[in-house]
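First comes the structure, then the notes that go with it.
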Amino acid sequence: MNLAERRRLLKRGVWLECFSIGYNIVEGVIAVLAGWLAGSVALVGFGLDSTIETTSAIIVLFRLLAEYRGQDKERLEATERRATRAVGVTLFALAGYILFQSARTLIRQEAPQESLVGIVLAALSLLLMPFLVIGKRRVGRAISSRALLADAQETLVCTYLSFTLLLGLVLNAWLGWWWADPVAALIMVPFIGREAREAWSGDACCGD
């Protein structure tokens, strides 16, 4: 790959991360407010995921900008390792939060209220996130960036969380299954934990 093509891919990666940051900030604010009003742990957890994903995107953005600005190879490799591990930490944090909040909700049997805003937000994210996953994976593989591929996995987690959130909220609104909300969130914990371990160990390039 020549230098011009690599710089073009780096610019695309920067654009993808900037879009992720902007969208997730808006999504996070709406989700947390809607979840707080409805008493929905899955919706609040979804908003926290947006915050964590924003952090991940910012970390990877700095890594991409470092290479675009001509950081030398040795320092760039160190930046890549730090960025990949940092993304892993954000995934661990997400898994821990969801596990704690969901377990507490199930033990206390706290029934959330219906949330039309949450349903619409989850559906929108379910439509948008896969395109970001595909874009980040393509660029990450092309430039061999473990950090960007780990961030793509985090975006994939957001996609699955959008699905489980939508399922939980719809079942709660339609059938009154209050437990579907935290259970839907708990389903994602093993998957998130696995992705976190892979990012921390530097195996993100191998993930499908």
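Quick look at the numbers
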read-out: The range 95-208, accessible surface, carbon-and-sulfur percent (1.4 angstrom probe); value: 66 percent
read-out: The range 1-119, dipole about Cα centre (Lys/Arg Cβ +1, Asp/Glu Cβ -1), debye to the nearest 20; value: 460 debye
read-out: Which of Gly13, Val26, Phe100, positive extreme of dipole for the range 4-102 (C-beta unit charges); value: Gly13
read-out: Acute angle (nearest 10 degrees) that the helix 3-38 long axis makes with the longest principal axis of the chain, alpha-carbon atoms; value: 20 degrees
read-out: Largest-first ellipsoid semi-axes for the chain, taking √(5λ) over the Cα gyration tensor eigenvalues, angstrom; value: 34, 16, 12
read-out: Å² per residue, accessible surface of the chain at 1.4 Å; value: 49 Å²
read-out: Diffusion constant of the range 93-193 at 25 °C, which comes from Stokes-Einstein with the Kirkwood Cα-pair radius and 0.890 mPa s, µm²/s; value: 170 µm²/s
read-out: For peptides 115-122, 44-51, sequence by mean Cβ density within 10 Å, most packed first; value: 44-51, 115-122
read-out: Cβ-placed point charges (K, R +1; D, E -1), dipole of the range 74-208 about Cα centre in debye, nearest 20; value: 280 debye
read-out: For the range 181-198, Karplus couplings with θ = phi - 60° (6.51, -1.76, 1.60), whole Hz, Gly/Pro x; value: 5, x, 5, 4, 5, 5, 4, 7, 4, x, 5, 5, x, 5, 5, 5, 4, 5
read-out: Linear extension gain, Phe131 paired with Glu114, 0.36 nm per residue minus alpha-carbon span; value: 3.3 nm
read-out: Residue with peak Gaussian network fluctuation, the chain [Cα springs, cutoff 10 Å], from Ile192, Ile107, Ile52; value: Ile107
read-out: Paramagnetic reach from Ser201 (point 7 Å along Cα→Cβ, amide N under 17 Å) across the range 87-103; value: 87-89, 91-92
read-out: Computed [θ] at 222 nm, deg cm²/dmol, the chain (DSSP H ≥ 4; -39,500 (n - 2.57); rounded to nearest 500); value: -30000 deg cm²/dmol
read-out: Local net charge near Ala86, Cβ-Cβ under 12 Å (Lys/Arg +1, Asp/Glu -1); value: +2
read-out: Per residue Cα convex hull volume in Å³ - calculated over the range 22-124; value: 82 Å³
read-out: Three semi-axes of the equivalent ellipsoid, the range 145-197, Cα gyration tensor, whole Å, largest first; value: 27, 11, 4
read-out: Segment Cys18-Phe100, extension gain: residue separation times 0.36 nm, minus the distance between their alpha carbons; value: 26.5 nm
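The values are calculated or read from the model by the stated rules, or taken from the named source; none is laboratory data. Quantities reported herein were computed from a predicted structural model and do not represent experimental measurements. Quick reminder, even Gly has a Cβ in these numbers, built from the backbone with ideal geometry, and neighbours come from all protein chains shown. For accessibility, only protein heavy atoms count, side chains too; no ligands or nucleic acids. Shrake-Rupley method; radii C 1.70, N 1.55, O 1.52, S 1.80 Å.
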